[in-house]
Amino acid sequence: MLIIVNYGDYSKESWVILSKINIMVNAQEWLDKNYPGEQRKEIKEIYLNEKDLEGELDLADFSNWELKIVVSYYVDESKLEIKNKREQTRIVKCINVQDWIRQNYPFATIKEKQKLSTNLSKYRYQLNKTW
């Protein structure tokens, strides 16, 4: 979140950005808000996509044997602790397509990288339809 303050008139020069603030999001509160208790028995997938998510995630109420947790590439997993996870629960860690291409194809041309990115995006779309 940015805090922006205007000093004086509303001209471009009078706006000052004071600071950038990272607001921590409590993981359990986020889970309770996005996956209400009464629905948890039927839920098969949890998408962790909140950038500043931190703390414990208690999965005790999620009783589906096929539960899958999809973690966005921008979620810092080191700030999360998953509790009461079933042995069968799968955790899928997403990665940034551009980072993956840079790591796996460091000498590819820009055109080759664009083609790879397009193909991976199409593949990701197909995967999302099967989840």
Selection over segment 55-68 where residues are surrounded by 13 or more Cβ atoms within 10 Å (Cβ to Cβ) and either free of Cβ contacts under 8 Å to residues at least 60 places away in the same chain or not assigned by TED's automatic domain parsing to the domain that holds Asp32 (or both) yields a count of 9
Going through segment 75-90 in order, the residues found to be assigned to a loop (DSSP other than H, G, I, E, B) and surrounded by 12 or more Cβ atoms within 10 Å (Cβ to Cβ) are Val75, Asn84, Lys85, Arg86, Thr89
Checklist entry - Regarding Val71, is this residue surrounded by 12 or more Cβ atoms within 10 Å (Cβ to Cβ) and either in contact with a helix residue (DSSP H, G or I) (Cβ under 7 Å, 6 or more places away or on another chain) or not assigned by TED's automatic domain parsing to the domain that holds Leu48 (or both)? => result yes
Among the residues of segment 69-86, the number that are polar (S, T, N, Q) and touching a residue at least 24 places away in the same chain (Cβ under 8 Å) is 2
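The values are calculated or read from the model by the stated rules, or taken from the named source; none is laboratory data. Given the structure is predicted, the values throughout are model-derived calculations rather than measurements. Glycine also receives a Cβ, built like all others from the backbone with ideal geometry; neighbour counts cover every protein chain displayed.
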